[in-house]
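Okay, structure first, notes after.
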Amino acid sequence: MRFFVLVLLFCCANTLAANPQVEFETSRGNFVLELYPDKAPVSVENFLKYVNNGFYTGTVFHRTIKNFVVQGGGLTESLEAKSTWSPIANESNNGLSNDLGTVAMARGYAPDSATSQFFVNLTDNRFLNYYKREAGLEGYTVFGRVVKGFEVLQQISESPTATIAKLKDVPKEFTVIHTAHILDTPVLAEKLPLPLLAEAKLSMGKAASKKKSKVTQSTPKLTKKGKPRG
């Protein structure tokens, strides 16, 4: 019986460890992302390559919009774009939705243009999802979610912002990524704080009505408000 319990615990531990988790240590606090290689194998492999090579150290969250997204992973404090590897294929048609707390790849207008930049959804941004293979409707690849430290990202999004050159929604005080590393021991997912959840859900209608811009890769040029770029 004792042997059976040990086997069961071992199996459960393996199940919990099935999805890799990455901890980001920043100047504002830490947060942990859980990744889904079964749903977005190309995106996860690409993301972990940048993590394992220390690429994200010294980069900042260069675009922050409250109740929309925080975006980072490509620019330094001087807003210079770091050199990246080749773009990857878009995996937005994988069944995952750009919902509150999920993390997705930013990209350029072309669907297969994502490199290192990513964004975290601060509300349900389902207009960023895949609809069909047609220009502007390919969506953004969700490849994981925040399992710890969501309040850190919420705080980052509340920073006052400015327009610098052609970059909009640039925080006046940057949150710098000190390091990103894969966790040896996975953490249990935290529930989103109810006040944050309620506020984010409430703002969803307002966000949709504003028809925000895309989440494009900033190199270092952003599209008009709406969706995230590269």
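The values are calculated or read from the model by the stated rules, or taken from the named source; none is laboratory data. Small disclaimer: the values here were computed from a predicted structure and weren't measured. Because the Cβ atoms are built from the backbone with ideal geometry, glycine has one as well, and the counts that use them run over all protein chains shown.
Taken as a whole, the structure places Gly136 among residues that are at pLDDT below 95, surrounded by fewer than 21 Cβ atoms within 10 Å (Cβ to Cβ) and out of contact with any helix residue (DSSP H, G or I) (no Cβ under 7 Å at 6 or more places or on another chain). Go through the residues of the range 155-164 one by one and say whether even a single one is surrounded by 15 or more Cβ atoms within 10 Å (Cβ to Cβ), out of contact with any Lys or Arg (no Cβ under 9 Å at 6 or more places or on another chain) and not aromatic (Phe, Trp, Tyr). So far as the range 155-164 goes, no, none of its residues is surrounded by 15 or more Cβ atoms within 10 Å (Cβ to Cβ), out of contact with any Lys or Arg (no Cβ under 9 Å at 6 or more places or on another chain) and not aromatic (Phe, Trp, Tyr). Under the condition of being assigned to a strand (DSSP E or B) and in contact with a helix residue (DSSP H, G or I) (Cβ under 6 Å, 6 or more places away or on another chain), the residues counted in the range 14-28 number 1. Number of residues in the range 175-192 that are out of contact with any Ser or Thr (no Cβ under 8 Å at 6 or more places or on another chain) and either surrounded by 13 or more Cβ atoms within 10 Å (Cβ to Cβ) or without any contact (Cβ under 8 Å) to a residue 40 or more places away in the chain (or both): the value is 11. Any residue in the range 44-58 that's more than 15 Å from Ile88 (Cβ to Cβ): show its pairings with residues that are part of a loop (DSSP other than H, G, I, E, B) and of a type in the set (S, T, N, Q) at Cβ separation under 9 Å, as long as the two are six or more apart or on different chains. Note: pairs meeting the criteria are Tyr56/Ser116. Looking across Leu183, Leu202, Leu153, Leu196, one residue alone is within 18 Å of the chain's Cα centre (by Cα) and at pLDDT below 95. It is Leu196.
Could you tell me how many of the residues in the range 61-91 are in contact with a Pro (Cβ under 8 Å, 6 or more places away or on another chain), buried (at least 21 other Cβ atoms within 10 Å of the Cβ) and part of a strand (DSSP E or B)? The qualifying residues number 7. Just to verify a result, which residue in the range 112-133, among those that are over 24 Å from Phe61 (Cβ atoms) and not aromatic (Phe, Trp, Tyr), is surrounded by the fewest Cβ atoms within 10 Å (Cβ to Cβ)? Selected residue: Lys132. Just one residue in the set Phe31, Phe55, Phe47 is modelled with pLDDT of 95 or more, hydrophobic (A, V, I, L, M, F, W, C), outside any helix (DSSP H, G or I) and out of contact with any strand residue (DSSP E or B) (no Cβ under 6 Å at 6 or more places or on another chain); that residue is Phe55.
Within the range 92-108, the set of residues being outside any loop (DSSP other than H, G, I, E, B) and of a type in the set (A, V, I, L, M, F, W, C) comprises Val103, Ala104, Met105.
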